[in-house]
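Participant: The structure that follows is given in the form of structure tokens.
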Amino acid sequence: MFSIRKIRMKTLLHHRASWAVYDQVLVSGANFLSTLIIARMLAPEVFGMFSLASLAILFLASFHRTLITQPMNALGSTESFNKLAWRYAGLMRMQLPMISISILILACIGLVFFPDLGLIIGASSYLAGFFLQEMVRRYHYTKGDIQRALINDLISYGGQIIVLASLYATGFADAAFAFIALAVTSLTAFLYGQRDIRNHQALMLAPVVSVPSGNLLEEHWKFAKWIVLSQFVFWGATQVYPFILANQNSYAEVADFNVANSILNALNIIRLMLGNYLPARVSVVYASGGTAALRRLLLRTLILAGGVSLIVILVLMLSANWLVDILFAGKYPLAGQLVGWLAFAYVASIISVVTNAGALPLKATNWIFYANGVGTMFSLGFGPFLVARFGVWGAIAGLCVASFLPALIQGVHVFYKCRPINDTKQS
């Protein structure tokens, strides 16, 4: 009987992992196609400003993810459906103030780096839609209902391809309206998903009206405060280079940098899939098997993800120039030369996703902050010099070094805490 249950559990986990792969392929593929359409639609300088606005949204979304949706994923994965519904409803009530504060910060960033009122308004609308749709998506992941997450992403990410392609076909070229198109599809997916959740969880959501959201926020903060704080140093280490380029050089170089990044969405599939799947998985594995089981899971994941990443890098280095030329209509020739070297920074980020997930059950998330702090000191100390001296190539070199430093430091610390001597201590 035990073996039958074990087989059924493995089959269920394999089924969920497969749907997670399909979903992440959809999201990454749609993001790549969206970038492709918008890059062809806009002039390089305008696309550079659009890229900076997109990065600013992702910066703010990283705090939303680490404070709200990722703790919901990790804490809710071991809770009953009733308690998870309680958690979700409380977090949803926090979205309006969080979105309002985030839009205010986005506007301040925009006034400095992409001073265009229409672009700021369009980016703000997309930020609101993205936050709300991500709540629905992560709720389904936490429940293990990946198929519903996939349906929701088909509406959001599949819909944005249709809308953007329609704008491009009509010759419409406006960065602000490109953001509004993304916002419309995200909000549509959110409304559909929210109604679907209420229809299926009506009995569970009914009793949670009086639950104070502040208690949930405090719980999430205690669980993930070091991960939340680490976003400041993570972005300082790895995402500051486009803004340095815009400040010292031109929006056109920012555009080349972003086009190279979009080609590397092939590697982003691996990183985002791990980011969705691992936080809940490591908690379950650690609870059932301790540090020995966690160590085995992390090693297997690193070997598999690293092997796949190296194959993808080799393919991209051999094909990047003609891919960029064909896909982006020859508007960004420098991007093809950047792809192969920029890929090494992506490999470092994949390693970091795995080791950061391992830090969650070990309660070692403060080291994520320390490790990225080293990368930030490097980027802020040497980044402006590298960009001033070598332009976009200096940005690539700085990004690679700043990405590998945190991955190395955090990896050593996590595996030190998972060393075999701790297996006996825990048992």
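Participant: Which condition number does Ile101 fail, the rest of (1) surrounded by fewer than 19 Cβ atoms within 10 Å (Cβ to Cβ); (2) within 19 Å of Leu274 (Cα to Cα) being met?
Facilitator: (2) is the only condition that Ile101 fails.
Here's the yes/no breakdown for (1) without any contact (Cβ under 8 Å) to a residue 24 or more places away in the chain; (2) within 26 Å of Ile37 (Cα to Cα):
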{"residue": "Leu298", "(1), (2)": "no, no"}
{"residue": "Thr301", "(1), (2)": "no, no"}
{"residue": "Ala305", "(1), (2)": "no, no"}
{"residue": "Val308", "(1), (2)": "no, no"}
{"residue": "Leu314", "(1), (2)": "yes, yes"}
{"residue": "Asn321", "(1), (2)": "yes, yes"}
{"residue": "Val324", "(1), (2)": "no, yes"}
{"residue": "Gly358", "(1), (2)": "no, no"}
{"residue": "Pro361", "(1), (2)": "no, no"}
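Participant: Do any helices (runs of 4 or more DSSP H) entirely within region 346-427 hold 2 or more residues that are at pLDDT 90 or above, and if so, which?
Facilitator: Once the helices (runs of 4 or more DSSP H) in region 346-427 are filtered for at least 2 residues that are at pLDDT 90 or above, what remains is 366-390, 392-417.
Participant: Specify the residue that is nearest to Asn199 (Cα to Cα); the eligible residues are those in region 142-177 that are among the aromatic types (Phe, Trp, Tyr) and touching a residue at least 60 places away in the same chain (Cβ under 8 Å).
Facilitator: By that ranking, first place goes to Tyr157.
Participant: Is there a residue in region 365-380 that is over 24 Å from Ala280 (Cβ atoms), out of contact with any Lys or Arg (no Cβ under 8 Å at 6 or more places or on another chain) and free of Cβ contacts under 8 Å to residues at least 24 places away in the same chain?
Facilitator: Looking through region 365-380, at least one residue is over 24 Å from Ala280 (Cβ atoms), out of contact with any Lys or Arg (no Cβ under 8 Å at 6 or more places or on another chain) and free of Cβ contacts under 8 Å to residues at least 24 places away in the same chain.
Participant: On the basis of being buried (at least 18 other Cβ atoms within 10 Å of the Cβ), touching an Asp or Glu at 6+ places or on another chain (Cβ under 8 Å) and either closer than 19 Å to Ala343 by Cβ or not aliphatic (A, V, I, L, M) (or both), does Val392 make the cut?
Facilitator: yes
Participant: Shifting gears a bit: Kindly provide the set of residues from region 31-78 that are small (Gly, Ala, Ser), in a helix (DSSP H, G or I) and at pLDDT below 90, ordered by number.
Facilitator: Ala74, Gly76
Table: residues versus (1) of a type outside the set (Ser, Thr, Tyr); (2) over 29 Å from Val259 (Cβ atoms); (3) surrounded by fewer than 20 Cβ atoms within 10 Å (Cβ to Cβ).
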| site | (1), (2), (3) |
| --- | --- |
| Val282 | yes, yes, no |
| Leu294 | yes, yes, no |
| Ile303 | yes, yes, yes |
| Ile311 | yes, no, yes |
| Leu316 | yes, no, no |
| Val324 | yes, no, no |
| Gly336 | yes, no, no |
| Val354 | yes, no, no |
| Tyr370 | no, yes, yes |
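Participant: Now for a different question. Keeping to region 295-335, report how many residues are more than 23 Å from the chain's Cα centre (by Cα) and farther than 30 Å from Ser250 by Cβ.
Facilitator: Counting residues in region 295-335 that are more than 23 Å from the chain's Cα centre (by Cα) and farther than 30 Å from Ser250 by Cβ gives 4.
The values are calculated or read from the model by the stated rules, or taken from the named source; none is laboratory data. The structure displayed is predicted, hence computed values, not measured ones. Ideal geometry is used to build each Cβ from the backbone, glycine not excepted, and the neighbour counts take in all protein chains shown.
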